[in-house]
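Colleague: What follows is a structure written as structure tokens; I'll ask about it next.
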Amino acid sequence: MSDDPSPQNLNSRLEYKQNFDASSYLREFYSKYDNDPAMHVVLTLLPNVVRRLPVGGRLLDVGSGPTVHVAMCFRKTAQNIYLSDYSDDSRKELFHWLLSYRYWPAEKFDWSSITKFIAEREGESDKWDRIENETRKKIKGILPCNVLKPHVIPIKNKKFDIVTTFFCLEAACNTVQEYRTAVKNVTSLIEPGGNFVMGGLLQQSWYKTGGKCYKCLYLTEEILIDVLKQCDILIENRKDFFYYDHQGIFLCVGCKK
């Protein structure tokens, strides 16, 4: 593509940690449910995915960024929800949201477009205004995370019934080997018989947010499926595995052996 940025103009994951602007990211991608094609695919499919999963247990969202739409979709399924991100600014935004921006009213982000869309997908359009508070009651922690470390989050020996991650792992990794390591580390947090829900980008080498371009691992479906197999995610049986790909945006759900 002629408008692709040159390699020297791509920012690294270290620069992401230092310079990521959570407020700009939310305004750019989440002011309206259809602002971003990738997010629109996830929001359209996720409520249906949630219905397939058992009710109860603990959920960890890895690489939440400053967003809570995943937690919103799982609020009726998971008993306890933990959010996590590599970026300090993202975790600060999550903390402000959790406290309803009580001390930071000028920073409040309006999630109503997203909650209305989720409520519509759930078949309860008239209950959109309850979603944020219902979700807040389920949040039990906002944690730092690093998917390239064996201990992804600073809680040792804790397993989760559901682990989710969206548009995170390919952005965190520079090589296929790093991607294998990241998926292995993240899936190690899942209880045997628990579920792994992941969304991401295929065949992209960069992404843009806040006016800046960042490196992204060029991921193929073949690499993705191979890595999931190596990490003991059951993919052979349609009962255990769901996979959807639309114009380079994928969503998959698999059961951990």
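Colleague: Which pairs turn up if I take residues in region 48-59 that are without any contact (Cβ under 8 Å) to a residue 40 or more places away in the chain and part of a loop (DSSP other than H, G, I, E, B) and look for partners that are charged (D, E, K, R) and buried (at least 19 other Cβ atoms within 10 Å of the Cβ) with beta carbon separation below 7 Å, at least 6 apart in sequence or on another chain?
Modeller: none
Colleague: Of everything in region 106-127, what is more than 19 Å from K76 (Cβ to Cβ) and among the basic types (K, R)? Give them in sequence order.
Modeller: K108
Colleague: What's the number of the only condition in (1) farther than 28 Å from L26 by Cβ; (2) buried (at least 16 other Cβ atoms within 10 Å of the Cβ) that E221 fails to meet?
Modeller: The one condition E221 does not meet is (2).
Colleague: Could you list, in sequence order, the residues of region 125-144 that are among the hydroxyl-bearing types (S, T, Y) and free of Cβ contacts under 8 Å to residues at least 12 places away in the same chain?
Modeller: Of everything in region 125-144, just one residue is among the hydroxyl-bearing types (S, T, Y) and free of Cβ contacts under 8 Å to residues at least 12 places away in the same chain, namely S125.
Colleague: If you go through region 102-119 one residue at a time, how many are more than 21 Å from N35 (Cβ to Cβ) and surrounded by 14 or more Cβ atoms within 10 Å (Cβ to Cβ)?
Modeller: 1
Colleague: Looking only at region 205-225, which residues are over 14 Å from F250 (Cβ atoms) and either part of a helix (DSSP H, G or I) or among the charged types (D, E, K, R) (or both)?
Modeller: Scanning region 205-225 gives K208, K212, K215.
Colleague: Among the numbered criteria (1) out of contact with any Leu (no Cβ under 6 Å at 6 or more places or on another chain); (2) surrounded by 22 or more Cβ atoms within 10 Å (Cβ to Cβ), which single criterion is violated by E134?
Modeller: Going through the list (1) out of contact with any Leu (no Cβ under 6 Å at 6 or more places or on another chain); (2) surrounded by 22 or more Cβ atoms within 10 Å (Cβ to Cβ), E134 breaks only (2).
Colleague: Being within 18 Å of the chain's Cα centre (by Cα) and within 26 Å of K76 (Cβ to Cβ) is true for just one of Y243, Y207. Which residue is that?
Modeller: Y243
Colleague: In region 155-169, is there at least one residue being hydroxyl-bearing (S, T, Y), touching a residue at least 12 places away in the same chain (Cβ under 8 Å) and part of a loop (DSSP other than H, G, I, E, B)?
Modeller: no
Colleague: Same structure again: Out of all the residues in region 170-194, which are under 16 Å from Q230 (Cβ atoms), in contact (Cβ under 8 Å) with a residue 40 or more places away in the chain and either of a type in the set (V, I, T) or assigned to a helix (DSSP H, G or I) (or both)?
Modeller: Passing the criteria: T175, V176, Y179, R180, V183, K184, V186, T187, I190.
Throughout, read-outs are computed from the coordinates displayed, never taken from laboratory work. Bear in mind that the values here come from a model prediction, so they are computed numbers and not experimental data. Reconstructed Cβ throughout: ideal geometry from the backbone, glycine too, with neighbour counts over all protein chains shown.
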